[in-house]
Amino acid sequence: MRQLALAALALAAPAAAQLPPGIWSTVEDVAFAAEEGRVSSEEVFLEVREDGSWRRIDAFGAGQSEWANGAIPQLAAAPQSHSGWMLGASELRRATRFSCWVSARKFAGQPDGSPAWTFSKAETFDQGGRIAFPGKGEAPDFAIRLRNVTWAKGSTNKPSLVLYIHKHDPTRAESYAWASPDASLIGINLRWMQGSCSRL
């Protein structure tokens, strides 16, 4: 049913559809495609500038293509809708940027025996955005991932802002914390690391 609705939106969309500025992602649509009986496609991340130029990026925000000024292939939008943007058969969602800080406990402590900690700051976004924090041999290597999750159709779970911590597996998280989808801040403390992300 959802796939038919998305296809109908694509047929009804204007030919010159243009995404508003920001970061856009298909992560949430792709994440639950299989559970909803739909064919899953690859995760896509797009960055659009104020002048309408765009490029593909990865989950870390790094450019994966040159900036382009033409139409985005397979982009369609539902008339009079702010949430009907699609890329092919996948729904695109606009991301919100977050500023994050993390601190990880170093392998070697202070001379007095107390723990020593790293401290880092970086920005990401809530539609599958990731930040890698290499320990440089002094602390564990890990990454954080941020999603504003809308669960598969039929799920009893409520939409949530989720902060994931990944160590060795980029798919399965080491741990995670969740908050209201409109939360201004989300944090986590795992003893060996701690941090939080704040809405910009």
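The values are calculated or read from the model by the stated rules, or taken from the named source; none is laboratory data. Predicted model only: the values in this text are computed from it and were never measured. A quick note on method: Cβ atoms are made from the backbone with ideal geometry, for glycine too, and the neighbour counts reach across all protein chains shown.
Remarks
- Complete set of residues in segment 107-134 that are touching a Ser or Thr at 6+ places or on another chain (Cβ under 7 Å) and not in a strand (DSSP E or B): T118, F119, D126
- Which numbered condition A139 misses (of (1) touching a Ser or Thr at 6+ places or on another chain (Cβ under 7 Å); (2) not in a loop (DSSP other than H, G, I, E, B)): (2)
- Number of residues in segment 134-160 that are within 16 Å of A59 (Cβ to Cβ), touching a Gly at 6+ places or on another chain (Cβ under 9 Å) and either in the same structural domain as L46 (by TED's automatic domain parsing) or not aliphatic (A, V, I, L, M) (or both): the value is 3.
- All conditions in (1) under 28 Å from E47 (Cα atoms); (2) part of a loop (DSSP other than H, G, I, E, B); (3) not small (G, A, S) hold for T156, with the sole exception of (1).
- Given (1) modelled with pLDDT under 95; (2) surrounded by 20 or more Cβ atoms within 10 Å (Cβ to Cβ); (3) more than 23 Å from L161 (Cβ to Cβ), number of the condition A139 does not satisfy: (1)
- K167 vs. criteria out of contact with any strand residue (DSSP E or B) (no Cβ under 6 Å at 6 or more places or on another chain) and either surrounded by fewer than 18 Cβ atoms within 10 Å (Cβ to Cβ) or not aromatic (F, W, Y) (or both): no
- So A34, is it loosely packed, with under 15 Cβ neighbours inside 10 Å and under 25 Å from S196 (Cα atoms): no
- Here the condition is being surrounded by 13 or more Cβ atoms within 10 Å (Cβ to Cβ), closer than 26 Å to W192 by Cα and not assigned by TED's automatic domain parsing to the domain that holds R147; of A68, A59, it holds for A59 alone.
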